[in-house]
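Okay, so here's the structure we're looking at.
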Amino acid sequence: MKTLFILFVSIVLLGAAPAARAQDSAWIQIEAVRTLAQAQDRARSYAGAFPNVSGFRLGGGWYAVALGPYTEVAATAELRALKSRRLVPQDSYLASSRDYGQQFWPVGVNSLLQPPQGSANLPVVQPAPGSPPAPEIPVSPAYVPDETPRQARASEQVLTREERKLLQESLQWDGFYASTIDGAFGRGTRAAMRAWQEAKGYDATGILTTNQRAELVEDYRSAFSDLDLRMTRDAAAGLEMILPRGKIAAGRTEAPFVHYDSADEDGLRVVLISQTGDEATLFGLYDILQTLEIVPTNGFRERNSRSFVLTGQSPELNSYTYAALADGAVKGFTLAWRRGDPRVMERVTETMRESFSPVAGVVLPDTALSGDGSEQRIDLLAGLEIRRPERSRSGFYVDDAGRVLTTTDVLEQCSRVTIGEEIEAEVSARDDALGLALLQPRQSLAPLAVAEFRASVPRLNSEVALAGFSYEDILDLPIMTYGTLADIRGLQGEEFVERLSLSSLPGDAGGPVFDRTGAVLGMLAARPGEGARQLPPDVNFAVDVTAIAGFLGQAGLSPRASEGAATMAPEDLTALAGDVTVRISCWN
């Protein structure tokens, strides 16, 4: 089925015409073949029966044999007459001068510049000398009466296997056929034909007439008309494949990618992948692509030692990525789109995958850059946006199963929460009055360290250290902020709250507050939002150990008590904080 689809889009949609052409010229395309020698042979054979045979290059290695040029009215009438007399193949169709490239038959002739002629089957009557010119009479397209079932079956017998498969694929496209595309018209195909005829209001005979077959195939082809699918060779990337040229425009090269940007509001874009590498390179690319906006998180993923497939679906964006390792290079492509018929886009991705052909020995240089490098950004990878969370907060491990204590500060604004950027998590318990939430990872974790809580009341004015992701997702490790314990109660004497004298940023909320022995004496609470009284920047609060222990106990956890008494060196405390503290990412 995929091979057949590539064949038909190559025949129908390929080709570029010369700039100068006769106006309003129509052609009857009767054949398209793969090699020039075969095309010349077919054109020579048809020239023995028709006086107006021409041969043109279509592009992508295809060659067309056509009759013409005609006016559109004459071409329509001629095509129907020729088909009814079975003088041309039944899948012959009308084409335009725009569809054709360089002419190869007859040699040395440019038929595209010739004025269109009337039908060869319409008699030409010469007026008598001196008589006034006859008035022009509009010519209606010839009408070919519909065939009887017997005639339809007879015309069906001359169809090639590829033509039969095209009919099955067209029926499948319209939702009437769901079996194998094999070119055999068995019981299932006949039932599909009968259902299609009923839906169209025709007699449900189960045998399509010539006109019905043409209508069915034309409906199928029209779904792809604006995509302009054609074979494209990208010399920089060393890739040859069919691309939707009607929807994309050449963009830029930023190794290891060649970007084809969207040409209209459908937002369809193509990224070609080309870099030297081995299996490790392939696996690394697989991981990196999943961090990019162009690959939404939901979708099918499959990787083996030689290739991988990544699909992504979201309400705003869909994408399909394929990459393979061959001859010391990793090459592939990503097709992304914002709008489009899912059936059409599925077939387009199949066509691109089927036609994908790496050019050996050609790969983007590893040092390729776009411009002077001034447009580089930390949230870009070779011109593609890296997926970033909406916001981030801090948290810390409280048991060996990887459960994390954090703040409720932004949970209501998140459609998805992760520990770090990859570990999916869900809220298993929360206390909005205290601002505490317990996250349960959806996969098993083995933390390097777990928080140990201070068992005694901390001393006022003792030194404390806050570990938190102050700059949210910019840095991969928590920042240590030092200060003092100003009070073991809130400003209005609230229990379960400790007042800290240190500065913090929003990303620090949910982070652990350590004493000098490495014991946790509280969790940093989020600062009050806008509209509330604004506290000095060095006044912050932490939920104390008593409140945390009660919360964890209700969730079925027993907080681990610290047994350390010796003061830790700053570098050791920093190392401990890095193992215990995690970034909590909020996604939408």
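Applying the set (1) under 21 Å from residue 245 (Cα atoms); (2) modelled with pLDDT of 85 or more; (3) not in a strand (DSSP E or B) to residue 57 leaves exactly one unmet item: (3). For region 449-499, the candidate set comprises residues that are of a type in the set (Phe, Trp, Tyr) and open to solvent by 70 Å² or more (accessible area, probe 1.4 Å); within that set, the residue that is farthest from residue 546 (Cα to Cα) is 471. Residue 526 falls short on exactly one of the conditions (1) over 25 Å from residue 572 (Cα atoms); (2) out of contact with any Asp or Glu (no Cβ under 6 Å at 6 or more places or on another chain); (3) assigned to a loop (DSSP other than H, G, I, E, B), and that condition is (2). Would a scan of region 213-232 turn up a residue that is at negative phi, basic (Lys, Arg), outside any helix (DSSP H, G or I) and open to solvent by 50 Å² or more (accessible area, probe 1.4 Å)? Yes. Say whether the condition of being within 12 Å of residue 467 (Cβ to Cβ), among the polar types (S, T, N, Q) and in contact (Cβ under 8 Å) with a residue 12 or more places away in the chain is met by at least one residue in region 553-567. Scanning region 553-567, I find no residue that is within 12 Å of residue 467 (Cβ to Cβ), among the polar types (S, T, N, Q) and in contact (Cβ under 8 Å) with a residue 12 or more places away in the chain, so the answer is no.
Would a scan of region 118-134 turn up a residue that is modelled with pLDDT of 55 or more, part of a helix (DSSP H, G or I), open to solvent by 40 Å² or more (accessible area, probe 1.4 Å) and farther than 21 Å from residue 33 by Cβ? Looking for residues that are modelled with pLDDT of 55 or more, part of a helix (DSSP H, G or I), open to solvent by 40 Å² or more (accessible area, probe 1.4 Å) and farther than 21 Å from residue 33 by Cβ, one finds none in region 118-134, hence no.
Yes/no per residue for (1) surrounded by fewer than 19 Cβ atoms within 10 Å (Cβ to Cβ); (2) hydroxyl-bearing (Ser, Thr, Tyr); (3) under 27 Å from residue 156 (Cβ atoms):
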position: 74; (1), (2), (3): no, no, no
position: 78; (1), (2), (3): no, no, yes
position: 86; (1), (2), (3): yes, no, yes
position: 97; (1), (2), (3): no, yes, no
position: 102; (1), (2), (3): yes, no, no
position: 106; (1), (2), (3): yes, no, no
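What is the residue count in region 488-508 for residues that are part of a strand (DSSP E or B) and at pLDDT below 90? Write out each step before concluding.
Taking region 488-508 and keeping what is part of a strand (DSSP E or B), we get 497-501.
Imposing the further condition that a residue be at pLDDT below 90 reduces the set to none.
The number of residues fulfilling the criteria is 0.
If you check 294, 288 for being touching a strand residue (DSSP E or B) at 6+ places or on another chain (Cβ under 9 Å) and open to solvent by 50 Å² or more (accessible area, probe 1.4 Å), only one passes: 288. The listed residues are 340, 361, and the only one of them that is of a type outside the set (Asp, Glu) and at pLDDT 85 or above turns out to be 361.
So in region 11-32, with the set limited to residues that are at pLDDT 85 or above and either open to solvent by less than 30 Å² (accessible area, probe 1.4 Å) or of a type in the set (Ser, Thr, Tyr) (or both), which one is farthest from residue 77 (Cα to Cα)? For region 11-32, the residue satisfying everything is 32. Among the residues of region 262-277, is there at least one that is surrounded by fewer than 22 Cβ atoms within 10 Å (Cβ to Cβ), hydroxyl-bearing (Ser, Thr, Tyr), in contact with an Asp or Glu (Cβ under 8 Å, 6 or more places away or on another chain) and at pLDDT 90 or above? Yes - at least one qualifying residue is present in region 262-277. Looking at 209, 205, 189, just one residue is hydroxyl-bearing (Ser, Thr, Tyr) and open to solvent by 40 Å² or more (accessible area, probe 1.4 Å), and that residue is 205. Could you tell me which residue of region 546-588 is surrounded by the fewest Cβ atoms within 10 Å (Cβ to Cβ), considering only residues that are under 18 Å from residue 516 (Cβ atoms) and β-branched (Val, Ile, Thr)? So the residue we want is 567. Please work out if residue 324 is surrounded by fewer than 16 Cβ atoms within 10 Å (Cβ to Cβ) and of a type outside the set (Val, Ile, Thr). Criteria not met by residue 324. Looking at (1) over 19 Å from the mean Cα position of the chain (by Cα); (2) open to solvent by less than 20 Å² (accessible area, probe 1.4 Å); (3) closer than 21 Å to residue 337 by Cα, can you tell me which one residue 248 breaks? Going through (1) over 19 Å from the mean Cα position of the chain (by Cα); (2) open to solvent by less than 20 Å² (accessible area, probe 1.4 Å); (3) closer than 21 Å to residue 337 by Cα one by one, residue 248 breaks only (1). The strands (runs of 3 or more DSSP E) located wholly in region 247-356 that include 3 or more residues which are of a type in the set (Gly, Ala, Ser) occupy 248-254, 318-326, 329-337. Pairs linking a residue in region 185-196 that is at negative phi to a residue that is of a type in the set (A, V, I, L, M) and part of a loop (DSSP other than H, G, I, E, B), with Cβ atoms under 6 Å and 6 or more positions apart or on different chains, are 193/208; 194/204.
Does region 549-572 hold any residues that are part of a helix (DSSP H, G or I) and touching a strand residue (DSSP E or B) at 6+ places or on another chain (Cβ under 6 Å), and which are they?
Passing the criteria: only 551.
Taking residue 513, is it under 16 Å from residue 435 (Cβ atoms), of a type in the set (Val, Ile, Thr), part of a strand (DSSP E or B) and open to solvent by less than 30 Å² (accessible area, probe 1.4 Å)? When the stated conditions are applied, residue 513 passes them.
The values are calculated or read from the model by the stated rules, or taken from the named source; none is laboratory data. Computed from a predicted model, the values in this text were never measured in an experiment. Virtual Cβ from ideal backbone geometry, glycine too; neighbours counted across all protein chains shown. We work out accessible area using only protein heavy atoms, side chains counted, and drop any ligands, DNA or RNA first. Shrake-Rupley method; radii C 1.70, N 1.55, O 1.52, S 1.80 Å.
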